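This report refers to the structure that appears directly beneath it.
Nothing in this text is a laboratory measurement; each read-out follows from the coordinates by a stated rule. Note that this is a predicted model, so its numbers are computed, not measured. Cβ coordinates were reconstructed from backbone atoms using ideal geometry, including for glycine residues, and neighbour counts include every protein chain displayed.
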């Protein structure tokens, strides 16, 4: 689960609730990742690359949940934003 270190939306409770559901109802292993304001793209890219290497097997299901601001940029590409 991804959320910004500077939680201006107050999503920490939402993320904790969802993590609890994944862990208790589905017995999933979960990770909560705090995106830094400094070089966020590099951080997320690095984390996803590491997860890809670690979880690269047919028995694994990866669910990436993002809680934060976002907007559509040119050509329909998504952009995550620390602040609105």
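Miscellaneous remarks
- If a spin label sat at a point 7 angstrom from the Cα of residue 69 along the line to its beta carbon, the backbone N atoms of segment 16-56 nearer than 17 Å would be those of 35-41.
- The share of C-alpha pairs in segment 1-46 whose separation exceeds 11 Å stands at 68 percent.
- Against the chain, whose longest principal axis comes from its Cα atoms, helix 12-26 is set at around 20 degrees.
- This ranking places 80, 4 by how few other beta-carbon atoms lie within 10 Å of each, fewest first, which gives 80, 4.
- In the chain the Cα-Cα distances spread across 5 Å bins starting at 0 as 3, 13, 21, 22, 20, 14, 6, 1 percent of all pairs.
- 0 to 90° range, to nearest 10: angle between helix 40-54 axis and the chain longest Cα axis: 20
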